[in-house]
There are 2 protein chains.
Amino acid sequence: MTKAPQTPTQILRPIELALDLARQAQSLGEVPVGAVIVGPDGSTLASAHNRVILDHDPTAHAEILAIRQAAGNLGNERLLGCDLYVTLEPCAMCAGAISFARLRRVYFAAYDPKGGAVDHGPRYFGQPTCHHAPDVYGGIAEGDAAILLRDFFATRR
Amino acid sequence: MTKAPQTPTQILRPIELALDLARQAQSLGEVPVGAVIVGPDGSTLASAHNRVILDHDPTAHAEILAIRQAAGNLGNERLLGCDLYVTLEPCAMCAGAISFARLRRVYFAAYDPKGGAVDHGPRYFGQPTCHHAPDVYGGIAEGDAAILLRDFFATRR
């Protein structure tokens with residue numbers, strides 16, 4: 001990991017938006033994860049939260065939905081120069097999608113030792129079969145995202 | 001890998017259908033990969049081919065589309081007792097989706113040393129962060145699928 005090229009404010013604004021989306025997901029009974037994609041000019045291209053249960057779609061993680069939305073809006077399956085902000089360390093499915101979408105940077109909040117695939121498990125971006133790896137910055141506003149997830153799972157046990 | 005519980009005919013019918021879908025993908029300029037999902041009663045629940053370029057969607061691999069279609073049709077994000085047939089070894093993104101969908105078995109044709117995540121790279125189903133692993137049978141009708149892929153990439157070089 002290297003120092004992020006954005007200013008703290010540039011990073012925190014989309015992460016705060018992603019946290020708001022995670023809270024919306026929680027209020028709908030979904031695992032509270034939110035994701036935002038920012039274009040090269042700093043504009044918000046896409047934003048989404050988990051919708052697995054709502055949509056009866058096991059692939060409907062926040063990152064997948066945001067990537068599909070951004071690519072659809074741009075009319076291009078490659079999100080060159082775009083950055084993803086997400087409240088949880090991406091899983092293997094989402095890490096694969098991030099790589100295929102050629103996202104430039106990934107900022108995530110809470111680490112996920114149980115299901116994460118960036119700093120845990122397969123560590124996908126370091127695999128020889130991963131053909132594009134973004135720059136990754138983990139632990140951004142980690143406290144807020146971790147509290148949200150902990151409270152969510154506490155109410156379900 | 002253990003012996004597949006299906007008869008050769010039960011396995012070859014959906015694999016042949018997946019190969020037909022892969023040929024359709026090729027004729028549309030997509031990477032030739034097809035996928036079919038079969039329900040517990042042997043009926044075809046979903047079938048799809050790669051649509052990454054057509055749909056401007058980096059997540060539109062055959063497996064992801066078939067999983068979304070089957071889950072949508074069943075109104076359930078979990079495809080319990082269902083089996084996936086696909087012409088190429090799944091990548092990390094698709095392996096993650098297969099796990100989340102709780103698919104029972106995966107039959108694939110060609111091995112993919114460059115991008116596969118089942119027998120190559122992250123070997124996702126063997127990771128401690130993978131919470132459901134299907135039974136996997138690789139190399140089914142491998143020759144046909146491999147020729148299709150080889151011819152496709154040969155014409156693009």
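Brief remarks on what is shown
- Check on A:Arg78, basic (Lys, Arg) and surrounded by 17 or more Cβ atoms within 10 Å (Cβ to Cβ): no
- Criterion applied to B:Leu65, B:Leu12, B:Leu21 was being modelled with pLDDT under 95 and outside any loop (DSSP other than H, G, I, E, B), and the one residue passing it is B:Leu12.
- Tabulated pairs, segment A:9-24, first more than 17 Å from A:Arg105 (Cβ to Cβ), second in a helix (DSSP H, G or I) and small (Gly, Ala, Ser), C-beta under 8 angstrom, 6+ apart or interchain: A:Leu19/A:Ala145; A:Leu21/A:Ala62; A:Ala22/A:Ala62; A:Ala22/A:Ala145
- Screening A:Ala22, A:Ala60 for residues that are within 11 Å of the chain's Cα centre (by Cα) and either among the hydrophobic types (A, V, I, L, M, F, W, C) or within 27 Å of B:Pro128 (Cβ to Cβ) (or both) leaves exactly one candidate, A:Ala22.
- Across segment A:117-143, the qualifying residues are those that are crowded, with 19+ Cβ neighbours inside 10 Å and of a type in the set (Gly, Ala, Ser), and the one among them that is nearest to A:Leu80 (Cα to Cα) is A:Ala117.
- Checking A:Tyr85 against (1) out of contact with any Pro (no Cβ under 9 Å at 6 or more places or on another chain); (2) buried (at least 24 other Cβ atoms within 10 Å of the Cβ), the condition it does not meet: (1)
- The number of residues in segment A:97-115 that are facing chain B (nearest Cβ under 7 Å) and either within 12 Å of the chain's Cα centre (by Cα) or aliphatic (A, V, I, L, M) (or both) comes to 2.
- Annotation for segment B:83-106: no member residue is assigned to a strand (DSSP E or B), at pLDDT 95 or above, out of contact with any Phe, Trp or Tyr (no Cβ under 9 Å at 6 or more places or on another chain) and more than 22 Å from B:Gln26 (Cα to Cα).
- Residues being touching a strand residue (DSSP E or B) at 6+ places or on another chain (Cβ under 6 Å) and under 24 Å from B:Thr7 (Cβ atoms) - total across segment B:63-84: 6
The values are calculated or read from the model by the stated rules, or taken from the named source; none is laboratory data. In this text, all values refer to a predicted model and were calculated from it rather than measured experimentally. So basically every Cβ, Gly included, is an ideal-geometry build from the backbone, and we count neighbours across all protein chains shown.
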